[in-house]
Amino acid sequence: MPAITPHEPCTFVLIDGARRLNVTLDPEHAEKLRALAQRTHVKEGTLARSLLAAALDRADPDPAQVTALLDGIPGALERARHAERAAAWGEAIPLDEL
């Protein structure tokens with residue numbers, strides 16, 4: 001089993017008290033974000049932060065809704081199981097080392 005690398009689709013880093021979330025989009029969504037940012041004359045990162053904040057504000061905290069949302073993420077269960085196995089084999093990075 002390959003080790004989990006820093007090039008996974010989403011990483012969360014806490015640096016000097018600031019929270020940073022790096023998200024890698026698939027080519028189709030990256031192009032949509034680029035085109036929308038270009039049309040609105042806004043930087044892609046600024047637009048992405050705004051879109052994510054709006055989505056989080058509208059997110060329903062009901063556990064059933066969260067489960068349905070997670071079930072809709074392609075490959076999420078497989079990636080979670082992979083991460084669990086990697087951690088069990090000592091291939092994960094402890095949170096305090098991130």
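Bear in mind these aren't lab numbers, they're just calculated from the coordinates by the rules spelled out. Given the structure is predicted, the values throughout are model-derived calculations rather than measurements. Glycine also receives a Cβ, built like all others from the backbone with ideal geometry; neighbour counts cover every protein chain displayed.
Quick rundown of the values:
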{"quantity": "Percent of Cα pairs exceeding the 23 Å cut-off, where the set is the range 10-97", "calculated": "44 percent"}
{"quantity": "Normalised contact order of the range 10-97, rounded percent, pairs of Cα under 8 Å and 6 or more residues apart", "calculated": "11 percent"}
{"quantity": "J(HN,Hα) series, the range 73-87, from Karplus relation 6.51 cos²θ - 1.76 cosθ + 1.60, nearest Hz, glycine and proline x", "calculated": "7, x, x, 4, 5, 4, 5, 5, 5, 4, 5, 4, 5, 4, 5"}
{"quantity": "Net lengthening on full extension, ILE73/LEU25 (0.36 nm per residue, minus Cα-Cα)", "calculated": "16.0 nm"}
{"quantity": "ALA80/ALA53 FRET efficiency (R0 22 Å; Cβ-Cβ; nearest 0.05)", "calculated": "0.35"}
